[in-house]
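These notes are about the structure you will find just below.
The values are calculated or read from the model by the stated rules, or taken from the named source; none is laboratory data. Just so we're clear, the structure is a prediction, and the values are computed from it rather than from any experiment. Note that each Cβ is placed from the backbone with ideal geometry, even for glycine, and that neighbours are counted across all protein chains shown. What goes into the accessible areas is simple: the full protein's heavy atoms, side chains included, and nothing from ligands, DNA or RNA. Shrake-Rupley method; radii C 1.70, N 1.55, O 1.52, S 1.80 Å.
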Amino acid sequence: MADVENLDNPFDNSSQASEQEKALALSAQTEFEKRNYTAVLQHLSKLESSRQQDPKVAHNKAIVNCFKDGLTNITQLRKSLSAIAKQLQCNLEDPSSLVDVDQCYVFYNEAITLYYLRQFTKSLLILVKIFSVIEQLDEGLARQVCFLLAEIFMILGFPPQTLKMVHFIETSLLSHGAKLKSTLPLERERDKDKDGDSKEDIKATFGEESPIPVGVRVRLQRLKIRANLALSRHEEAEKEWALLAEIDPENTATSCLKSKVHFVKGSYSESLKHL
């Protein structure tokens, strides 16, 4: 299964909302993060009573109901998303109808459902359209869109596009200014002899003080390894794996990737050892 976030949950906290509505939205978001979906729906129902025509509230209820059902009732979710899209005056079957940033959440979740239904080309068309307005999105949604794009590019056999998307995430979405440069592993490796960086310096960029969250860095490293393997860039894949092992050494997915690196090199005994 792809390492992507299943569904997004953009609780409305706009300046047009009352203090009570903002409190309800915040409580709903907190409970959602705790996976207390029944409590989330209770908060959203109260919010809905004062914002009956707000498509964002209806959108969040649809998302939470899907999570409550264990992400199994995708058909019902898609029906709800289609109804919400009509409220937003767009058509999920036609990505060109996406003309407003507020429509991006419903289109993104449609892309997610298409991904899990293995309709990758349709999902890609939606994501490419969302990407055309990526600078207008909040960083969280923009990052999820790019990760899903990178994953679908891999599935459809376009690893160069995956690497481009990874680079875009690193250089454009992780808004940490100049600090970001030190967290780009390939650049660090290339410049190592020039500026005298030691292995400890590289490891330090992935510590608790790292400006990029560890979970995000792990996902980026995995994508780099898979894309480089697909391009038969075995040495670069090994370098990326070494950096991944520094920040995620105990994860079974890390071991599996190392096994794959050895496998494509023909080192079958080493591959089997890691498996």
Is there any pair with a first residue in segment 164-178 that is closer than 12 Å to R143 by Cα and a second that is modelled with pLDDT under 90 and open to solvent by less than 20 Å² (accessible area, probe 1.4 Å) whose Cβ atoms are under 6 Å apart and which are 6 or more apart or on different chains, and what are they?
E170/L184; L174/L180; L174/I212
Got at least one residue in segment 100-114 being of a type outside the set (A, V, I, L, M, F, W, C), open to solvent by 10 Å² or more (accessible area, probe 1.4 Å) and farther than 25 Å from E33 by Cα?
yes
Take the conditions closer than 22 Å to E236 by Cβ, touching a Leu at 6+ places or on another chain (Cβ under 6 Å) and modelled with pLDDT under 75 and apply them to I202. Does it pass?
no
If K122 satisfies all but one of (1) under 21 Å from F168 (Cα atoms); (2) at pLDDT 95 or above, what's the number of the condition it fails?
(1)
Does segment 35-48 contain any residue that is under 15 Å from Q20 (Cα atoms), assigned to a helix (DSSP H, G or I) and touching a residue at least 40 places away in the same chain (Cβ under 8 Å)?
no
Please determine, by comparing only the residues of segment 223-235 that are without any contact (Cβ under 8 Å) to a residue 60 or more places away in the chain and open to solvent by less than 60 Å² (accessible area, probe 1.4 Å), which one is farthest from P160 (Cα to Cα).
H234
Working only within segment 243-265, note down all residues that are more than 13 Å from Q221 (Cβ to Cβ) and either in contact with a strand residue (DSSP E or B) (Cβ under 8 Å, 6 or more places away or on another chain) or crowded, with 19+ Cβ neighbours inside 10 Å (or both).
H262
Of the residues that sit in segment 119-147 and are in contact with a helix residue (DSSP H, G or I) (Cβ under 6 Å, 6 or more places away or on another chain), in contact (Cβ under 8 Å) with a residue 24 or more places away in the chain and farther than 14 Å from V101 by Cα, which one is surrounded by the most Cβ atoms within 10 Å (Cβ to Cβ)?
S123
Is there a residue being under 27 Å from I169 (Cα atoms), of a type outside the set (K, R), outside any helix (DSSP H, G or I) and open to solvent by less than 80 Å² (accessible area, probe 1.4 Å) anywhere in segment 81-95?
yes
Hey, G157 at pLDDT 85 or above, on the phi > 0 side of the Ramachandran plot and of a type in the set (G, A, S) or not:
yes
